[in-house]
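To keep things clear, I will list the structure first and then write my remarks on it.
The values are calculated or read from the model by the stated rules, or taken from the named source; none is laboratory data. No experiment lies behind these values; they were computed from the predicted model shown. Because the Cβ atoms are built from the backbone with ideal geometry, glycine has one as well, and the counts that use them run over all protein chains shown. Please note that ligands, DNA and RNA were not included when accessible areas were found on the heavy atoms of the full protein model with its side chains. Shrake-Rupley method; radii C 1.70, N 1.55, O 1.52, S 1.80 Å.
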Amino acid sequence: MASVEINLDTGDLHPIDVVETLAEHYDWAFDRVGEDQIAMAIEGAWRTYSITLAWSAFDETLRMICTFEMDPPEDRLALLYESMNLANDKCWAGAFSLWREQRLMVYRYGLMLGGGQAAAPEQIDQMLSAAVVACERFYPAFQLVSWGNEDAAPAMEIAMSEAYGRA
């Protein structure tokens, strides 16, 4: 995702309205589930990620979950949890968890907007981009641990480090 430039007066806009505008801008498939929630699909190199954003007026937080299917064999769970811990050490803006019953790997993040702050399109764009980048970065390592009989540390070596600059 490239940096977005959308001129919105976000002061009076609901955060989910801002997300919907971004989804329309990028031509992502989305469903406005309710006033305070939106679900969308963002295509990555490895897979399509399901992303849901929900606004909580109670604690003024825009919550995001980015999911993809992950149903590892029972005997690989301990190593997958170890690889998730290693991945989370490298993620500063969010964290991975496994929703075992739903067979989903989840990347979660909350943007706290206390005191009546408004979410800028650039903030939400960066939040969505960070989620997809993290999932794309660690997906191969999670796969190697779950189905490739690889230990956590060697599998994590395949996860690309963050690159800075332009080619």
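Give me the percent of the accessible area of the stretch 78-154 that comes from carbon and sulfur atoms, probe 1.4 Å, all protein chains in place.
Values: 1950 of 3810 Å².
With neighbouring chains kept in place, the figure for the stretch 78-154 is 51 percent.
To the nearest 10 degrees, how steep is helix 77-90 against the longest Cα principal axis of the chain, on a 0 to 90 scale?
Relative to the chain, helix 77-90 is tipped by roughly 50 degrees.
In the stretch 37-126, how does Rg compare with the Kirkwood Rh, expressed as the Rg/Rh ratio over alpha carbon atoms?
That ratio is 1.01, to two decimals.
Suppose all protein chains stay in the model; what accessible area per residue would a 1.4 Å probe give for the chain, in Å²? Don't skip to the end; give the middle numbers.
Numbers: 9480 Å² over 167 residues.
The answer is 57 Å² per residue.
For helix 121-147, report the angle its Cα long axis makes with the longest principal axis of the Cα atoms of the chain; keep it between 0 and 90° and round to the nearest 10°.
Once rounded, one gets 10 degrees.
Evaluate the charge dipole of the chain about its Cα centre and quote only its size in Debye, nearest 20, assuming +1 on the Cβ of each Lys and Arg and -1 on the Cβ of each Asp and Glu. It would help to have the intermediate numbers written out before the result.
Values: 10 positive and 27 negative charges, 84 e Å.
About 400 debye.
Is the shape of the chain best called rounded, prolate or oblate, per the rule: a/c under 1.5 gives rounded, else a/b larger than b/c gives prolate, else oblate, with a ≥ b ≥ c the square roots of the Cα gyration tensor eigenvalues?
On the way: a/c = 2.13, a/b = 1.77, b/c = 1.20.
Cα axes put the chain in the prolate bin.
Ranked from highest to lowest mean number of other Cβ atoms within 10 Å per residue, what is the order of the peptides 29-37, 84-92, 141-149?
On the way: 29-37: 13.4, 84-92: 16.0, 141-149: 18.9.
Highest mean packing first, the order is 141-149, 84-92, 29-37.
Which of rounded, prolate or oblate describes the stretch 71-167 when judged by the alpha-carbon gyration tensor and an a/c cut-off of 1.5? Could the numbers behind the result be given before it?
On the way: a/c = 2.85, a/b = 1.62, b/c = 1.77.
Oblate, since a/c reaches 1.5 and b/c is not below a/b.
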